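Dumping the structure here so I can ask a few things about it.
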Amino acid sequence: MQFVAVLVTLVLFYVLHQMKKRGISFGVRVITGTIAGLILGFIFRGNTEYVSIFGSIYVNLLYSMVIPLLLTTIVRTMLNTGSLTKLRSVGLKSIGILSLHNVMASIVGLILAIAFKIGQGVNFDIPADTEVREVPTVAETITNFFPSNIVSNAAEGQIVPIIIFSVLLGIAALKLIESGKEEVVRPFAEFTNSLAEVIFKLTSMITSLTPYAVLALMTNAVGRVDSTAIAPFILILVLNYVASAIHTFLGTGMLVSAFAKVNPFAYFKKVWPVTMIGFTTQSSMGAIPANVENLTEEQGVAEEIASFTAPLGATMGMPGCAGFWPVMNAIFVANMMGLGWGPADFVKLILIALLVSLGTVGVPGTATITTTALFAAMGLPLEMVVLLAPISTLADMGRTATNVTAANSSALIVAASENKLNREIFNRI
């Protein structure tokens, strides 16, 4: 039966490949792989060990991308600020507002996850060879945030020290630029940009395998557990859209009202087209041109701020993909495993979600990367990230709409604080 299960899986892989060749969307293929995995899991219950190999390889490849992706993205983002002076003014304000978005969204996700007790009572078997690393104390956590040996930090999957090292590296490069050594930094910047593009492409190649990995891992998971365990995933999907609505309209509305001193209803009317672009394209990066145009033409934000903060918001902050979504996923798995997390763990969870958000990339699949990084930092099994991927695909529209709106509103708030907001244009009907 093991051989038959593998053979049927390979046939379904071919079907998924043909669907791709015919132009069928990524999301549809992931859902198809999910359904096929559910069916195969029931049919070959207890005979899916070899099928899981395909999914395990995907998990390893995905995990290998986390650290180089964070390193290149953070450094490139900081270099794009141009100078420490700009970084300290517009840059710091932008990062501050985007970070506030992330923290607020993480708290929303935390509250919803605790209130609905997601994951409790779920009997979703995790492969026996999966090791869950012990979560250190708060004091150890603070100390371990800072890098000691980045090679060993990377080898051991220590995410936060790599992020902090990347930030320090970016600051050092900017200091050299300010001291008149721009020529010295230029090769480094060009190398970083080139490496980032290669890493992005490789990451895209790996995440393109998600439909196949989902099929394999779902087949193995369903073949080993009670089918009733799948139902709680639907709750996460629903709560994702609840969190998206709460943060997009209530949270963002409060921020633009308090900091930019604008009517939130007028703001949502103006930003709505951009929000829908994010919703339909599922790409924060793809929405950048429309975001910048909306800010300058419809809201009166100065071009230098719109062109800086909106792209920055597509590479960090990300309240949907790096805020409430990975937080809810982490609590789901922690409750499922009976880890008994308390307030200190929740604070650490929100802090790590914020740090991970510094290295997110605004393309479809970002949530998988950020969730992987968060799980690695919290010592949770990475296999669960892929098993949650089908629901993640369905959740991506709401998350991306939230991300795009957060980037837009952050630019508006920074412009208002810098007296670079033309309120006549904003108030124009």
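Residues of the stretch 187-205 being aliphatic (A, V, I, L, M) and modelled with pLDDT of 85 or more, which ones?
Hits for the stretch 187-205 are ALA189, LEU195, VAL198.
Can ARG45 be described as of a type in the set (Lys, Arg) and open to solvent by less than 80 Å² (accessible area, probe 1.4 Å)?
no
Go over the candidates VAL167, VAL151, VAL184 one by one and state the one that is more than 30 Å from ILE246 (Cα to Cα), open to solvent by 30 Å² or more (accessible area, probe 1.4 Å), at pLDDT below 85 and more than 19 Å from the chain's Cα centre (by Cα).
Details: VAL167 fails: more than 19 Å from the chain's Cα centre (by Cα); VAL184 fails: at pLDDT below 85.
So the residue among VAL167, VAL151, VAL184 that is more than 30 Å from ILE246 (Cα to Cα), open to solvent by 30 Å² or more (accessible area, probe 1.4 Å), at pLDDT below 85 and more than 19 Å from the chain's Cα centre (by Cα) is VAL151.
Which condition number in (1) assigned to a helix (DSSP H, G or I); (2) under 18 Å from LEU217 (Cβ atoms); (3) of a type in the set (Val, Ile, Thr) is the one that THR48 fails?
(1)
Of the residues VAL292, VAL238, VAL262, VAL274, which single one is under 27 Å from ILE391 (Cα atoms) and in contact with a helix residue (DSSP H, G or I) (Cβ under 9 Å, 6 or more places away or on another chain)?
Criteria check complete, one pass: VAL274.
Six or more apart or on different chains, Cβ under 6 Å: which pairs go from a residue in the stretch 325-340 that's in contact (Cβ under 8 Å) with a residue 24 or more places away in the chain and part of a helix (DSSP H, G or I) to one that's among the charged types (D, E, K, R) and crowded, with 21+ Cβ neighbours inside 10 Å? Could you list them?
TRP325/ARG399
Under the condition of being open to solvent by less than 10 Å² (accessible area, probe 1.4 Å) and of a type in the set (S, T, N, Q), which residue from the stretch 297-324 is nearest to GLN282 (Cα to Cα)?
The first filter runs over the stretch 297-324 and keeps only residues open to solvent by less than 10 Å² (accessible area, probe 1.4 Å), leaving 299-301, 305-306, 309-310, 313-314, 316-324.
Narrowing the set further to residues that are of a type in the set (S, T, N, Q) leaves 299, 309.
Numbers: GLN299: 23, THR309: 19 Å.
Applying the filter and picking the extreme gives THR309.
If you go through the stretch 38-76, how many residues are among the basic types (Lys, Arg) and farther than 30 Å from PRO161 by Cα?
1
Does the stretch 2-19 include one or more residues that are within 28 Å of MET328 (Cα to Cα) and assigned to a helix (DSSP H, G or I)?
Scanning the stretch 2-19, I find no residue that is within 28 Å of MET328 (Cα to Cα) and assigned to a helix (DSSP H, G or I), so the answer is no.
Go through (1) out of contact with any Cys (no Cβ under 7 Å at 6 or more places or on another chain); (2) modelled with pLDDT under 85; (3) assigned to a helix (DSSP H, G or I) for ALA406 and report which single condition fails.
All conditions are met except number (2).
Evaluate the following for PHE332: is it within 25 Å of the chain's Cα centre (by Cα), over 24 Å from THR73 (Cβ atoms), at pLDDT 85 or above and open to solvent by less than 10 Å² (accessible area, probe 1.4 Å)?
It is true that PHE332 is within 25 Å of the chain's Cα centre (by Cα), over 24 Å from THR73 (Cβ atoms), at pLDDT 85 or above and open to solvent by less than 10 Å² (accessible area, probe 1.4 Å).
Considering each residue of the stretch 212-251, count those that are under 25 Å from the mean Cα position of the chain (by Cα), under 30 Å from VAL28 (Cβ atoms) and either modelled with pLDDT of 95 or more or not small (Gly, Ala, Ser) (or both), and give that number. Walk me through it before giving the result.
Pass one, the stretch 212-251, residues under 25 Å from the mean Cα position of the chain (by Cα): 212-218, 221, 229-251.
Keeping just the survivors that are under 30 Å from VAL28 (Cβ atoms) gives 212-218, 221, 229-249.
Checking the rest, the ones that are also either modelled with pLDDT of 95 or more or not small (Gly, Ala, Ser) (or both) come to 212, 214-215, 217-218, 230, 232-249.
Number of matching residues: 24.
Working only within the stretch 369-420, note down all residues that are in contact with a strand residue (DSSP E or B) (Cβ under 9 Å, 6 or more places away or on another chain) and either surrounded by fewer than 24 Cβ atoms within 10 Å (Cβ to Cβ) or free of Cβ contacts under 8 Å to residues at least 40 places away in the same chain (or both).
ALA416, LYS420
A further question on this structure: Answer yes if at least one residue in the stretch 263-283 is in a loop (DSSP other than H, G, I, E, B), modelled with pLDDT under 90, in contact with a Gly (Cβ under 7 Å, 6 or more places away or on another chain) and not hydroxyl-bearing (Ser, Thr, Tyr), and no otherwise.
no
Sticking with this one: Would the stretch 11-33 turn up any residue that is open to solvent by 20 Å² or more (accessible area, probe 1.4 Å) and closer than 30 Å to ALA155 by Cβ?
No, that holds for no residue.
Looking at (1) more than 21 Å from THR315 (Cβ to Cβ); (2) touching a residue at least 40 places away in the same chain (Cβ under 8 Å); (3) out of contact with any Gly (no Cβ under 6 Å at 6 or more places or on another chain), can you tell me which one ILE35 breaks?
Unmet condition: (2).
Checking the conditions here, which among MET318, MET254 is aliphatic (A, V, I, L, M), at pLDDT 95 or above and within 13 Å of ALA105 (Cβ to Cβ)?
MET254
If you don't mind, there's one more thing I want to ask. Quick check on my filter: what residues within the stretch 409-424 are assigned to a helix (DSSP H, G or I) and among the basic types (Lys, Arg)?
The answer is ARG423, and nothing else.
Another question about this same structure. Sort out which residues of the stretch 1-25 are hydrophobic (A, V, I, L, M, F, W, C) and within 28 Å of the chain's Cα centre (by Cα), and write them in order of number.
Matches in the stretch 1-25: PHE13, LEU16, MET19, ILE24.
Could I ask something else about it? Got at least one residue in the stretch 228-236 being within 16 Å of ALA105 (Cα to Cα), surrounded by 20 or more Cβ atoms within 10 Å (Cβ to Cβ), out of contact with any Ser or Thr (no Cβ under 7 Å at 6 or more places or on another chain) and hydrophobic (A, V, I, L, M, F, W, C)? Steps first, answer last, please.
Applying the first criterion (within 16 Å of ALA105 (Cα to Cα)) to the stretch 228-236 yields 236.
Going one step further and asking which of them are surrounded by 20 or more Cβ atoms within 10 Å (Cβ to Cβ), we end up with 236.
Within this subset, residues satisfying the condition of being out of contact with any Ser or Thr (no Cβ under 7 Å at 6 or more places or on another chain) are 236.
Add one more test, that the residue is hydrophobic (A, V, I, L, M, F, W, C), and what stays is 236.
There is at least one residue in the stretch 228-236 that is within 16 Å of ALA105 (Cα to Cα), surrounded by 20 or more Cβ atoms within 10 Å (Cβ to Cβ), out of contact with any Ser or Thr (no Cβ under 7 Å at 6 or more places or on another chain) and hydrophobic (A, V, I, L, M, F, W, C).
Restricting to the stretch 300-324, count the residues that are in a helix (DSSP H, G or I) and of a type in the set (A, V, I, L, M, F, W, C).
Kept after step one, since they are in a helix (DSSP H, G or I), are these residues of the stretch 300-324: 303-313, 320-324.
Checking the rest, the ones that are also of a type in the set (A, V, I, L, M, F, W, C) come to 305-306, 308, 310, 312, 321-322, 324.
Total satisfying the criteria: 8.
The values are calculated or read from the model by the stated rules, or taken from the named source; none is laboratory data. Since the model is a prediction, treat every value here as computed from it, not as a measurement. Cβ coordinates were reconstructed from backbone atoms using ideal geometry, including for glycine residues, and neighbour counts include every protein chain displayed. When the accessible area is computed, the model is the full protein with side chains, heavy atoms only, and any ligands, DNA or RNA have been set aside. Shrake-Rupley method; radii C 1.70, N 1.55, O 1.52, S 1.80 Å.
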